[in-house]
1. What order do you get for B:14-27, B:31-44 when each peptide is scored by the mean count of other beta carbon atoms within 10 Å, highest first?
2. So if we plug the beta-carbon distance of B:Asp174 and A:Lys57 into 1/(1 + (r/R0)^6) with R0 = 45 Å, what FRET efficiency do we get, rounded to 0.05?
3. Tell me which of B:Leu7, B:Leu19, B:Gln30 sits at the most positive position along the dipole axis of region B:1-61, charges placed on C-beta atoms (Lys, Arg +1; Asp, Glu -1).
4. Say the dipole of region A:20-91 comes from +1 at the beta carbon of Lys and Arg and -1 at that of Asp and Glu; which of A:Ser42, A:Ala56, A:Ile85 then lies farthest toward its positive end?
5. What order do you get for B:Trp85, B:Trp98 when you list them from fewest to most C-beta neighbours inside 10 Å?
6. Would you mind pulling out the separation of the Cα centroids of region B:111-156 and region B:48-82, in Å?
7. Arrange B:Asp192, B:Asp8 by Cβ neighbour counts within 10 Å, fewest through most, would you?
8. In region B:114-176, what chymotrypsin sites (Phe, Trp or Tyr not before Pro) fall in a loop by DSSP, with at most 14 other Cβ atoms inside 10 Å?
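Read-outs throughout are calculated quantities, based only on the coordinates presented, and are distinct from any laboratory measurement. A quick note: this is a predicted structure, and the numbers were derived from the prediction, not measured. Cβ atoms come from the backbone with ideal geometry, glycine included; neighbour counts cover every protein chain shown.
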Amino acid sequence: MSMPKGFKSKTGYATASATYNGMGYREIAEEMTKQGFKMNHSTARNVFLSSMKKIAKEVCIVHGEEISSHDMYRIVADPRFQSGICEILSEM
Amino acid sequence: MATPGMLDSYFKQVGNYNLLSREQEVELSQKIEKGDRSARDMMVNSNLRLAISIAKKYYRPGGNLEDLIQESNIGLMKAVDRFDWRRGFKFSTYATWWIRQSVSRFSMMNSSLVKVPSHTKSLYFKISRLTKEYNEEFGENPTDTELADLLGTTPSAIKTCKDTNPFGKEISIDAPIGGDSDSRSLKDVIPDDNATDIGSLIDREKISHVIRKCMSKLSAREEKILRLRFGISDISENSDQFKISNEEFELIVKGVE
């Protein structure tokens with residue numbers, strides 16, 4: 001997924017190492033390829049964001065919010081959202 | 001606590017002891033050096049009036065004069081034990097400093113319910129005096145660093161002393177605000193920064209359920225990527241924990257709506 005033209009993040013970009021002890025997309029792609037899921041870093045990112053979208057969509061339903069796909073992308077890419085999901089998943 | 005009558009009686013009793021001449025002071029001091037207990041008692045008794053006089057200067061309404069006199073007498077006894085007649089000073093000149101020190105320390109230690117070390121109070125005095133002088137000279141208050149340099153201490157010590165305010169008045173946490181007994185007390189309005197907001201806790205629990213439901217719907221590939229990206233334990237190993245029934249999920253969503 002290419003960045004929307006003129007897009008400028010107000011909240012910074014989510015980085016795996018800065019926000020949590022996770023891997024970068026290239027590292028993920030390498031690890032997944034080793035495990036038999038052949039992919040490059042772009043695919044890793046697309047799959048990650050797609051998964052996050054699924055979660056975000058359900059969260060929006062719970063809160064009774066209707067979000068456009070553009071706004072959904074902003075939410076999913078927001079480091080605060082990713083950090084929050086990471087925190088909840090870590091506690092599970 | 002002594003009654004006023006007892007205090008008057010004490011004053012009368014003290015008045016019966018004659019003041020000492022310089023020669024008598026020297027003579028008694030020499031005897032005290034040799035271990036004469038009666039000479040020591042006489043020296044103390046003859047100067048009790050001085051102790052009372054200094055104690056009265058430190059007395060404030062609401063305070064306890066008996067306690068001040070007692071501390072004053074302790075200071076007097078220290079002075080008697082340490083007086084060196086060879087230096088040629090009058091005993092009262094020497095004793096005054098010991099008595100003042102004893103009474104002022106007692107006053108400082110008992111000026112508030114919260115015990116603040118005397119050196120902190122002393123530092124506070126110095127800060128106040130220096131700030132006043134600095135302000136008069138330069139027309140502005142000195143910074144903590146300047147105060148620290150002038151007083152030979154650290155800026156953090158200055159800041160701590162200022163924040164502590166050893167002479168601040170204590171207030172009860174149960175005292176009603178505004179004096180009305182039916183009004184709220186101080187403890188009712190102090191926020192608990194560590195308290196958990198129930199609303200956000202419930203909200204978080206609901207979102208947690210939703211995420212569990214979503215996780216159970218993700219493919220193995222998506223799940224692995226999420227796990228690697230977030231650096232969390234193997235979700236597939238704990239996949240049973242994420243599974244909730246469709247009915248449970250519907251109930252959660254309906255509950256929120």
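1. On the way: B:14-27: 13.1, B:31-44: 14.9.
Final packing ranking: B:31-44, B:14-27.
2. Step by step, r from the Cβ atoms, then E = 0.30.
3. It is B:Leu7, whose Cα lies furthest towards the positive end.
4. Selected residue: A:Ser42.
5. Ranking B:Trp85, B:Trp98 by Cβ neighbours within 10 Å, fewest first, gives B:Trp85, B:Trp98.
6. 28 Å
7. Numbers: B:Asp192 6, B:Asp8 11.
Ascending Cβ contact count within 10 Å gives the list B:Asp192, B:Asp8.
8. Sites meeting the loop and neighbour criteria: B:Phe167.
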